[in-house]
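Data first, discussion second: the structure below is written as structure tokens.
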Protein chains: 2
Amino acid sequence: MAASVLTPQSADFPRWYQDVVAKAELAETGAARGTQIIKPWGYALWERIQGELDARIKATGHDNVYFPLFIPMEYFEREAEHVEGFSPELAVVTHGGGKELTEPLAVRPTSETVIGEAMARWIQGHRDLPLLLNQWANVVRWELRPRLFLRTTEFLWQEGHTAHATWQEAQDETLRILVEVYAEVLRDVLAVPVLLGRKTEAEKFPGAESTYTLEGLMRDGKALQMGTSHNLGQNFATAFDIAFTDESGARRQAWTTSWGVSTRVVGGLVMAHGDDRGLRLPPAVAPLQVVVLAVKDDTIPVAQRLAAELRDAGVRVRVDQRTNLSFGRRAVDWELKGVPLRLEVGPRDVAAGQATLARRDTGDKSAVALHAVAAQLPGLLDAIQAAMLDGARERRDAATIDVADPDEIDGPGFFRLPWAQLGVEGEARLAERGYTVRCLLTADGGIPGGGPDRDDAGLVAYVAKAY
Amino acid sequence: MAASVLTPQSADFPRWYQDVVAKAELAETGAARGTQIIKPWGYALWERIQGELDARIKATGHDNVYFPLFIPMEYFEREAEHVEGFSPELAVVTHGGGKELTEPLAVRPTSETVIGEAMARWIQGHRDLPLLLNQWANVVRWELRPRLFLRTTEFLWQEGHTAHATWQEAQDETLRILVEVYAEVLRDVLAVPVLLGRKTEAEKFPGAESTYTLEGLMRDGKALQMGTSHNLGQNFATAFDIAFTDESGARRQAWTTSWGVSTRVVGGLVMAHGDDRGLRLPPAVAPLQVVVLAVKDDTIPVAQRLAAELRDAGVRVRVDQRTNLSFGRRAVDWELKGVPLRLEVGPRDVAAGQATLARRDTGDKSAVALHAVAAQLPGLLDAIQAAMLDGARERRDAATIDVADPDEIDGPGFFRLPWAQLGVEGEARLAERGYTVRCLLTADGGIPGGGPDRDDAGLVAYVAKAY
């Protein structure tokens, strides 16, 4: 096997990330500051994540819509926290059609304002509630220190926006998305175990009453926020006058939520599972689950037959018959790209009625009888999926440390301590050292409640360095 | 049945279009000039069109990618025709992150330039060709006279971009997309028969060597361009230095194509099939193919059972059990939205072991035995799909008139005459009267060839007023 073409993780993790994103051909830097070009392999990953999220978003009763990219600047000024949070990040269009605009337009950094304005028009009576909307879109937030997938000026995401008759219904929606949509996709498809908790006041979304988050642990021991779900209370309903007539004929303000997952999760997938040979893709999200590598020209027909059998068995498979390239280079390339299984079909193998099977997750190689390939590989893919989630969970648990005192927080991983011991001031002191409270959980590991009369006294804080 | 809620087509077609887009809840005007909000029913139509196009784009070997929204202004200046064509339509970002930018950024009106720049880097040798890319994206072209779906400042589309080793391969690609992807979706899914032809020099894409188009006929007798496919020759390859080393080691310029279909086709679908009661959706594109309307509360269980049987038979179906609304209002609403079949389940029907089936395309009503619903409706949906295409083709053919002299061109429909009789000067004179050459076909109705040494002498021109 050829030597690794990547900087080792242990030597320089950020450099490893940069190398693997480039060499696995996921993305590259765009010409406009902070933007990125998502290449075929990176976009195929995003499409699979999109498909899994979209199916669950629809199954939970939401309709897809599309709102404009451009938002009049004055919309932002209606919600005080929101304008303060987003103003420094806006890209602004001042000219259109060869003329200077009388009112400049913001390129959307998120769509609460423009969707809030429409909700106010669309909602009349209680029968119009709940209003459950989602959109797939690009958004722009000016980035000074861009990083492919993780922090880019333009990124792709879905943003859900819903309106409800009561606080409780808005809270239920906020948590349903967190648990039934986001956590399920991250865990069951991306094999990333996530902490589900609530953000502190310092870390919540500008304009939210409370922000819930999913925090994954990367292989360098840093945390990554992989999705958020916000109970917006009545902040946007008040700012945009989203109201309805209830059963008794009284006029009441609605309650709204918003929630989003972005192309950032592709970066999370890379950093949660990747190793010094490149990506390691869980089979459920892999655009290709098996590559059948024809070692020589005369094994191409057998490789094609095996691929056809696997395709019939529901496996995403491709034949690599680039016999003009060396076997070693091709093997390294598929390892870089993280394809879960590589089936090597060489002349001696075929003569013996077998092929060589290489597992990307463990690196194990074994012989498999040609006639058994289609029967065995689907089950093996399931086993790899489970093993990768188990492995990630073990790494995460091993890197989660209980501390008695905030001063003990030092190094990689999650540090767990009572929130009461930290508090707003302790949180600010940690920030000076580069640590943030990633989320608050209940004492038994559950998701804390929200609402104005909540009691945070008994909650547990998870602290880490983060992307 | 309640009186129509729409302006009749014969009274005022543009007003009818505006009414139906609003009342079928497809879209509405956005706050920023010329933008639109695509509502759930309109977006569901676009998602189905997307799915059909995307499957064929992938099946013909293309990979999806994503390029940045923002393009440095100087990129446009590299291809002379391109900058001249697009400069008047650009939206320009001058401020980002609270500061004025040193170089303003254009919001992409199309991505030939930014993708051309990347192709120049990605393509080295002949083995990198063909390079077959596609992206789903929003684009912005400043519109002075916006119209929902048809002409909006921001619209959604797919744009394909490919590079090839020879002119012939680029030409084959241009026509493959036209015929195997676009015409197939428009004809087999949207039931819109289209003329496939080449644009004149006056009507081609800025920067193309030749532009191929699909022209549909709307019910007011105007034409709509529903997609285009461009052979870009070496114009962009020269501007961006897209070159490769051939088998002999020589450095050669590549040949490129681009092609796109946008949300404009949703407007075309409305105008090609709609009538005075609203949309008429071909079953293949309808987000719902059958609505089962429970007339009274006590028929809800039967309606639900029928819907479950239809769902098992592969039909997209929903139960309307809003018995708080009048039967008439609900029937009118589903007619407005164009659902192909409405199955009315009333107490007397159920007592007689039947339901009432209403066809949206013809307005016919008939009784159907409850036990026969799941067996009969899938076949009926296929028959409706075929009947709608036949109907549209008959209308188109009846509205296609041969003329001997350009002065005879007057009124709705397509006017057909030899291109030699018209020529560039005749085309300019027609433009003064609001008519354009929609496309050129061969004498026997085929797609004309392209290339610098082509002979347009024997071609036939199709002339119409157009959107």
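The values are calculated or read from the model by the stated rules, or taken from the named source; none is laboratory data. What you see is a predicted model, and the numbers here were worked out from it, not measured in a lab. Note that we place each Cβ from the backbone using ideal geometry, even for glycine, and neighbour counts take in every protein chain shown. Calculation scope for accessible area: heavy atoms of the full protein, side chains included, ligands and nucleic acids excluded. Shrake-Rupley method; radii C 1.70, N 1.55, O 1.52, S 1.80 Å.
For the reader, a short list of remarks on this structure follows.
- Largest first, the residues A:VAL295, B:VAL20 sort by 1.4 Å accessible area into A:VAL295, B:VAL20.
- Antiparallel DSSP beta bridges within the protein assembly as shown, percent to nearest 5: 80 percent
- Calculated log₁₀ intensity ratio I(q)/I(0) where the Debye formula runs over C-alpha points of the stretch B:402-464, q = 0.11, 0.14, 0.23 Å⁻¹: -0.23, -0.37, -0.94
- Considering only A:PRO109, A:ALA399, B:ALA464, the residue lying farthest towards the positive end of the dipole of the protein assembly as shown is A:ALA399, judged by Cα position with unit charges set on Cβ.
- Shape of the stretch B:290-383, Cα gyration tensor, a/c cut at 1.5: rounded
- FRET efficiency estimate (nearest 0.05) - Cβ-Cβ, B:GLN18 to B:ARG329, R0 25 angstrom: 0.70
- Rg followed by Dmax, in Å, when the protein assembly as shown is reduced to its Cα trace: 29.4, 94
- Packing-based ranking of B:312-322, B:111-121, A:25-35 yields B:111-121, A:25-35, B:312-322, ordered from highest to lowest mean Cβ neighbour count within 10 Å.
- Contact order, relative form, for the stretch B:402-464: 42 percent (alpha carbon pairs under 8 Å, 6 or more residues apart, mean separation divided by residue count).
- All lysines inside 28 Å of B:LYS465 as judged from Cα atoms, apart from same-chain residues fewer than 8 positions distant: B:LYS23, B:LYS199, B:LYS204, B:LYS222, B:LYS337
- Rounded to whole numbers, the Karplus 3J(HN,Hα) couplings from phi for the stretch B:337-352 are 7, x, 4, x, 10, 10, 10, 8, 10, x, x, 5, 3, 4, 4, 8 Hz, using 6.51 cos²θ - 1.76 cosθ + 1.60 with θ = phi - 60°, and x at Gly and Pro.
- On a per residue basis, the protein assembly as shown carries 38 Å² of accessible surface, using protein heavy atoms and a 1.4 Å probe.
- Using a probe radius of 1.4 angstrom, the carbon and sulfur fraction of the accessible surface of the protein assembly as shown is 49%.
- Exposure ranking of A:MET388, B:MET73 by accessible area [1.4 Å probe, largest first]: B:MET73, A:MET388
- Over chain A, dividing the summed -39,500 (n - 2.57) contributions of all DSSP H runs of at least 4 residues by the number of residues returns a 222 nm mean residue ellipticity of -9500 deg cm²/dmol.
- Inter-copy separations for A:GLU394, label at 7 Å along Cα-Cβ, nm, ascending: 7.1
- Accessible surface buried at the A:B interface totals approximately 4000 Å², computed with a 1.4 Å probe on protein heavy atoms.
- Förster-model FRET efficiency, 25 Å R0, B:GLU77 and B:ASP128, C-beta, rounded to 0.05: 0.40
- The label-point distance for B:ALA55 and A:GLU394, in a model that sets each label 7 Å from Cα toward Cβ, rounds to 4.2 nm.
- 20 Å tail of the calculated P(r), the stretch B:137-205, as % of Cα pairs: 52 percent
- Listed by chain and number, the aspartates and glutamates whose C-alpha is less than 15 Å from the C-alpha of A:LYS99, apart from same-chain residues fewer than 8 away, are B:GLU89, B:GLU143.
- The calculated pair-distance distribution of chain A uses every alpha carbon pair, bins of 10 angstrom beginning at 0, and gives 4, 18, 26, 24, 16, 9, 3, 0, 0 percent.
- In nanometers and ordered shortest first, the copy-to-copy spacing of the A:GLU77 label point, defined 7 Å from Cα toward Cβ, is 3.5.
- Taking every residue in A:50-63 and counting other chain Cβ atoms within 10 Å of its Cβ, the average works out to 1.
- Modelled FRET efficiency - R0 22 Å, A:GLU184 with B:GLU47, Cβ distances, 0.05 increments: 0.50
- Most to least accessible of B:LEU144, A:LEU336 (protein chains only, probe 1.4 Å): B:LEU144, A:LEU336
- Cα gyration tensor shape of the stretch A:316-467, rounded if a/c is under 1.5, else prolate or oblate by comparing a/b with b/c: prolate
- Label spacing, shortest first and in nm, from A:VAL5 to its equivalents in the remaining copies (7 angstrom along Cα→Cβ): 6.0
- Computed on the stretch A:13-273, with alpha-carbon pairs under 8 angstrom and 6+ residues apart, the relative contact order is 21 percent.
- The heavy atoms of B:LYS296 offer some 110 square angstrom of accessible surface to a 1.4 angstrom probe.
- 0 to 90° range, to nearest 10: angle between helix A:40-59 axis and chain A longest Cα axis: 50 degrees
- Rolled with a 1.4 Å probe across the full set of protein chains, the surface gives A:LYS58 an accessible area near 90 Å².
- Length gained when the stretch B:THR94-B:ASP364 is fully extended (0.36 nm per residue, less Cα-Cα span): 91.4 nm
- Global form of the stretch B:40-127, assessed from the alpha-carbon gyration tensor, a/c cut-off 1.5: oblate
- Exercise: per-residue mean of other protein chain Cβ atoms within 10 Å, A:150-162: 1
- Normalised by residue number, the volume inside the convex hull of the Cα atoms of the stretch A:13-273 is 133 Å³ per residue.
- Nitroxide proxy distance, nm - points 7 Å out along Cα→Cβ at B:ARG121 and A:LEU144: 2.5 nm
- Area of A:ILE447 that stays accessible when all protein chains are in place (1.4 Å probe, Å², to 10): 60 Å²
- Within straight-line reach of A:LYS58, meaning a Cα separation under 18 Å, sit the following lysines at least 8 residues removed in sequence or on another chain: B:LYS39.
- Shielding value for B:101-111 is 3, the average number of Cβ atoms from other chains within 10 Å of each residue's Cβ.
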